[in-house]
1. Condition test on Leu33, is it in contact with a helix residue (DSSP H, G or I) (Cβ under 9 Å, 6 or more places away or on another chain) and not in a helix (DSSP H, G or I)?
2. Hey, among Leu34, Leu87, Leu81, Leu77, which residue is loosely packed, with under 12 Cβ neighbours inside 10 Å, over 22 Å from Asp13 (Cα atoms) and out of contact with any Leu (no Cβ under 9 Å at 6 or more places or on another chain)?
3. Being aliphatic (A, V, I, L, M), loosely packed, with under 15 Cβ neighbours inside 10 Å and assigned to a helix (DSSP H, G or I) narrows it down to one of Val24, Val56, so name that one.
4. Do the conditions hold for Gly68, that is, is it open to solvent by less than 80 Å² (accessible area, probe 1.4 Å), within 22 Å of Met5 (Cα to Cα) and not aromatic (Phe, Trp, Tyr)?
5. Being at pLDDT below 95, of a type outside the set (S, T, N, Q) and surrounded by 14 or more Cβ atoms within 10 Å (Cβ to Cβ) is the filter; apply it to the stretch 5-20 and report the residue that is nearest to Ala60 (Cα to Cα).
Amino acid sequence: MKSIMKELIINKDSRNQFIKYLFVGVFTAFFELLLYAFLRKVVYLNLTLSNIIAVVIATAINFLINRGWSFKSSSNLSKSLMLYLILFF
């Protein structure tokens with residue numbers, strides 16, 4: 001744990017990447033909540049369906065933004081998505 005904290009303090013690139021990662025996480029959490037509320041209150045979907053749709057869309061957005069902006073990954077998209085989903089579940 002100390003080496004991770006030391007890396008974040010010393011290495012500017014790692015620190016910026018971590019800040020972007022946190023920002024994306026907070027953004028997608030709020031997005032998921034707003035989408036869920038919209039689906040429940042405006043579209044009048046039931047609780048379970050609203051939750052499933054909000055989680056799936058927010059997870060996809062989180063993956064894509066983190067992949068492209070936070071980590072600037074150029075690896076195989078399908079392989080990255082499969083590994084992300086395994087980690088997610």
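1. no
2. So the residue among Leu34, Leu87, Leu81, Leu77 that is loosely packed, with under 12 Cβ neighbours inside 10 Å, over 22 Å from Asp13 (Cα atoms) and out of contact with any Leu (no Cβ under 9 Å at 6 or more places or on another chain) is Leu87.
3. Val56
4. Criteria not met by Gly68.
5. Among residues in the stretch 5-20 that are at pLDDT below 95, of a type outside the set (S, T, N, Q) and surrounded by 14 or more Cβ atoms within 10 Å (Cβ to Cβ), the one nearest to Ala60 (Cα to Cα) is Phe18.
The values are calculated or read from the model by the stated rules, or taken from the named source; none is laboratory data. Being a predicted model, the structure only gives us computed values, none of them experimental. Positions of Cβ are backbone-derived with ideal geometry, glycine not excepted, and every protein chain shown enters the neighbour counts. For accessibility, only protein heavy atoms count, side chains too; no ligands or nucleic acids. Shrake-Rupley method; radii C 1.70, N 1.55, O 1.52, S 1.80 Å.
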